[in-house]
Amino acid sequence: MDHERGNRRESGKKRYRDDDRRSGGRERRNRDRGRSYIEVQEQPPAEDSPEKRLTTLLIILGDKMTPKEITTNIDKVASILKNEYSKLETHVLKTIKNCFMELPMKSYIYGTLIGLVNVTRSDVGVKVVKMTTQTLQQCLNEGNWRGAKLSLKFFGELTNANVISPRTMLDIYDDLLTALDEQNLKMSRADTIVYIVLASLPYVATRLRERCPDVLESMLAKIERYFYARERTILDIDGSVVRKSIQPYVGPNVPYEQQDMLELLWTQIQNLKNNDWVCPNLLKPWSEYDGVLITADQHEVEKFVVPQEFGGMNNSLPITLFRIFVGLDDESIKEPDILDIAYFIINDVVDDIIDIMEVNRKDCAKYLKDLPYCFAPDTFIGKDTTISATKTDVKVESEMKMDTEEDSFSNNWNNDNLPLVDTSNSNKNITANFQLEQIVVEATFKNIFQLPQPKYKHIYYHSLLTEVCKIMHETFPPAIGILFDRVDVMDVECCYRFWNWFSHHLSNFSFIWNWKDWESALQLDPLHPKVCFLRETFQKMVRYSYYERIKSTIPDEFSSIFPIEPSTNFKYEDSTHPLHDLAETLLGKIRKRASNEDVQAYFKEIVAEIPPKEHDQTIRDVFVQCVLMQGCKSFSHVLNVIERYLPILQSLNETPEDKLNTVKIVAEFWKRNTQFLGILLDKLLNYRVIDASSIITWLFTKEMETEVTKSYMWEIMKNTINKVISRVKQVQYKLDSLTNPNTDSDIIDITSDVDKKVNVEELRSLENTLSNVTREQKEVLLALVNLFVGMLDDKLKEYNEQDIQDPMSQYWFWWAYGFFKEIGRCYQPQMSTFMVTLETVIIDPLDTKTNPIIASVIDMIKAFGRMKDASVVEDLS
């Protein structure tokens, strides 16, 4: 559908990832959406072919249309579809599938459309039902839970349009909920299934209540029993520890109750039930045709099976409610009722759009802006959807020039003779209660602040907010100021992500901001989160531009926290330094590209000038400083110098002490440019000049204690750990590829005995390598936690001597503990593999003096594992 959606707007731009080079991105998107090999290989239809026109017709159907226009155009497209289907069957089915899977905000349109076609052509209804059945089962098999939810949602719309019966829809739900009857049911598995059922229920609940109230009530009773059992299971495994650890706001002064989203959805469903299952915010074009749709044939659906094992989008961690616009004394900000099912429906659609449109942020922002047209009028404040915003009808008319029979547009349900049906309770009594911009901004920040990690890279959400701000600039809500006021109650990792986003955001708007509004923060403690936020934002802004440019945009009042100008720190530059002449001579040789042998010969010449005890350390210091000085102009310069003299660098860094010394030399040279520092350490790590342990050890030296609140320290730490973990994954992938090659059993094995012997040798080599890198990963993580515990424990003893009762009231400790918690949360999957060793080495169970604050992070890591493996053992049948 990637090539098809491109024409939904007049711009004519293709829908592909902005940083893709077409082929690689397309392959990944096709794989993520579960497309078969045949579908991927199909050639797109010609620009002016009937297939192309029909595809465009279906995609633009409903775009920026009023409810009346939607009904009119569904009528016209249904007439085309029933006449063109026989000639374009495969293409029609594929397009319908892509529409309800990739344009979920318009499922009600496509359900009604198929319902109308089904009235006179039941064969179309049969094929669409079969295609949707196959799609849902495929999603279940692959663990594609968003796809499964959207397929269920479309089944609900087919029920509304009388293509399948309400009892059939309830049978589908029952097939899925049968998984709740399993012995030792995994809670993560049950949560996922219950979620997709409840998420799709509001769209079809009215029909189910009218036709099968008893069966509906029985299904809800089963789900209710699960929630009771789930609550008891969470208490048994102390799941509240995990819940608290992934909440974006921390401490006693959080702005709202951070509820579990699944529990909130169940409350919203119960409120919907108490309202007789009526949700007036949903558009129901099918209700205009009830008198006609009821005459159509209904079709059966095959039984669904939920696989015992599945992965994909399943997440064993709960999701926490995130809000920005709450508890504010501002009349311009409307606070929605979060217990209203409409709150869930709108946010769920927004989340789907953000996830599906990840490949193109511009299309995503446009769809989000047009979202009010997918709901009943007056759902959104200030959005009048009773007035057409575009000449969509004209576009539809132009695409309707299909090669059809003369009677192709005749039908039995012309809008001039619509059946009179009672829709009095459909969309009346709506009070505009939602501000679109607020919901979009909250949904995007929810992803940015999602712990431990968001679904996609942060850069996507950053770019999306930029696009949203551009197209909704007149009504963009004051989210930044609200979040800034709350940084002192945010999780430390969320603070870090916030200033990362903000600096990037400003780089897209000429770095313009009214800094004077935040001047009062300068009166706070230098380590207060607000002060650190400003300081780190300035530092990041310099990286996005250049020093003088950013300095000119910042008021003088902020000069005390503005970073120093990036520069080198060549310790031998001073002519009075005892080793100045020696260093200058060596630097001259490096500039002239002297060979490794010439440089080593020079080392032998100067041995007499250096005290014997300081020989190796001085040679290393001078040489590394000269290499860095020669390469300071750019990354390419320094990489060329490092590669030229790599043998010498490696020979000077053979022991852990040597490597630690080299790390300190690099840190001293680039102490005024932390961006270059991080990059150089990463490159030296790649070249195996230094190792991960040396970097981790340096980060916890006494001189680095004052850098705890600065982001570069934590970026270097995480990058180093990620590098170690990446090596393990790469070797494991190679080993898996070797032991489980994707070969066809029908293909004759022509591999020679010699080649097979080489494979065995390669296998042993990879197994040894995997053992080594896995051991390194364990050692680095153990050392990291040990150093963290030692640093925090020393500070706690210091506070105890000073009679400080609450360590978290000290901002240094607040930052350090917050990053320790983030390390445990982020790398829990790796740490859980050696949890016994971790507890034994780090925290002796018999040591009653271990501070509970430190022990809580270890408890959190263990709680993550319990949550992942938690089972509901009660009988829910």
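Just so it is clear, none of the values below were taken in a lab; they were calculated from the coordinates. In this text, all values refer to a predicted model and were calculated from it rather than measured experimentally. Note that each Cβ is placed from the backbone with ideal geometry, even for glycine, and that neighbours are counted across all protein chains shown.
Could you list 294, 439 in order of exposure, starting from the residue whose Cβ has the fewest other Cβ atoms within 10 Å?
Placing the least packed residue first, the sequence is 294, 439.
Given +1 on the Cβ of Lys and Arg, -1 on the Cβ of Asp and Glu, and no further charges, what dipole in debye does the chain carry about its Cα centre, rounded to the nearest 20?
On the way: 106 positive and 132 negative charges, 336 e Å.
Charge dipole, the chain, about its Cα centre: 1620 debye, nearest 20.
Check which residues have an amide H placed less than 5 Å from residue 185's amide H, if you skip close sequence neighbours.
Hits under the 5 Å cutoff: 872.
Quickly work out the residue 308-to-residue 671 label distance, labels modelled 7 Å from Cα along the C-beta direction, and quote it in nm with one decimal.
A separation of 6.2 nm, rounded to one decimal place.
What residue among 815, 110, 647 has its Cα farthest toward the positive end of the dipole of the chain, where the charges are +1 on Lys, Arg and -1 on Asp, Glu, each on the Cβ?
647
How large is ³J(HN,Hα), in whole Hz, for each residue of the stretch 95-106 in order, when computed from phi with the Karplus curve 6.51 cos²θ - 1.76 cosθ + 1.60 and θ = phi - 60°, using x for Gly and Pro?
5, 4, 4, 4, 5, 6, 8, 10, 10, x, 6, 10
In the set (i) 31.4, 106; (ii) 51.5, 163; (iii) 27.1, 85, which value of Rg and Dmax of the Cα atoms in Å was calculated from the structure you see?
(i)
List, in the order given, every pair from 664/821; 186/734; 362/383; 87/153; 149/362 whose Cα-Cα distance in the structure shown is over 23 Å.
Violating the 23 Å Cα-Cα cut-off are 664/821; 186/734; 87/153; 149/362.
At 7 Å along Cα-to-Cβ for each site, give me the label-to-label distance between residue 775 and residue 840 in nm.
Calculated label separation equals 1.7 nm.
Would you please give the FRET efficiency between residue 297 and residue 217, computed as 1/(1 + (r/R0)^6) with r the Cβ-Cβ distance and R0 = 45 Å, to the nearest 0.05? Could you put the intermediate results ahead of the total?
Values: r = 28 Å, r/R0 = 0.62.
It comes out at approximately 0.95.
Expected output is a single nm value to one decimal: the length gained when fully extending between residue 275 and residue 475, i.e. 0.36 nm times separation in residues minus the C-alpha distance. What is it?
Details: separation 200, 0.36 × 200 = 72.00 nm, distance 3.23 nm.
The span from residue 275 to residue 475 would gain 68.8 nm if fully extended.
Could you please report the charge total around residue 568, scoring K, R as +1 and D, E as -1 over all other residues with beta-carbon less than 12 angstrom from its beta-carbon?
Value of the local net charge: +1.
Only counting other Cβ atoms within 10 Å, I'd like 564, 679 sorted with the fewest neighbours first.
So the ranking, lowest neighbour count to highest, is 564, 679.
What's the extension gain from residue 557 to residue 523 if we count 0.36 nm per residue and subtract their Cα-Cα distance?
Value of the extension gain: 11.1 nm.
In what sequence do 606, 341 fall when counting other Cβ within 10 Å, fewest first? Spell out each step's value before the answer.
Working: 606 17, 341 26.
Ascending number of Cβ neighbours within 10 Å: 606, 341.
Within the set of other residues whose C-beta is less than 13 Å from the C-beta of residue 532, count the net charge using Lys and Arg as +1 and Asp and Glu as -1. Don't skip to the end; give the middle numbers.
Numbers: positive: 530, 535, 540, 710; negative: 488, 525, 536, 707.
So the environment of residue 532 carries a net charge of 0.
Put +1 on the Cβ of every Lys and Arg and -1 on every Asp and Glu Cβ in the chain; which of 239, 490, 453 then has its Cα farthest towards the positive end of the dipole?
453
Relative to the present Cα-Cα distance, how much length would full extension add between residue 244 and residue 565 at 0.36 nm per residue of separation?
111.6 nm
What's the FRET efficiency of residue 607 with residue 635 using the Cβ-Cβ distance as r and R₀ = 30 Å, to the nearest 0.05?
Calculated transfer efficiency: 0.35.
Short version: what are the Cα gyration tensor semi-axes of the stretch 436-521, square root of 5 times each eigenvalue, largest first, in whole Å?
Over the Cα atoms of the stretch 436-521, the semi-axes work out to 19, 18, 13 Å.
Given points 7 Å out from each Cα along the Cα-Cβ axis, report the residue 812 to residue 182 separation in nanometres with one decimal.
5.1 nm
Cα centroid distance between the stretch 508-576 and the stretch 619-658, in Å?
30 Å
Taking the 0 to 90 degree range and rounding to the nearest ten, how far is the long axis of helix 635-644 tilted relative to the main principal axis of the chain, both from C-alpha atoms?
50 degrees
Can you compute the helix-only [θ] at 222 nm over the chain? Use -39500 (n - 2.57) per DSSP H run of at least 4 residues, normalise by all residues, nearest 500 deg cm²/dmol.
Calculated from helices alone, the mean residue ellipticity at 222 nm is -19000 deg cm²/dmol.
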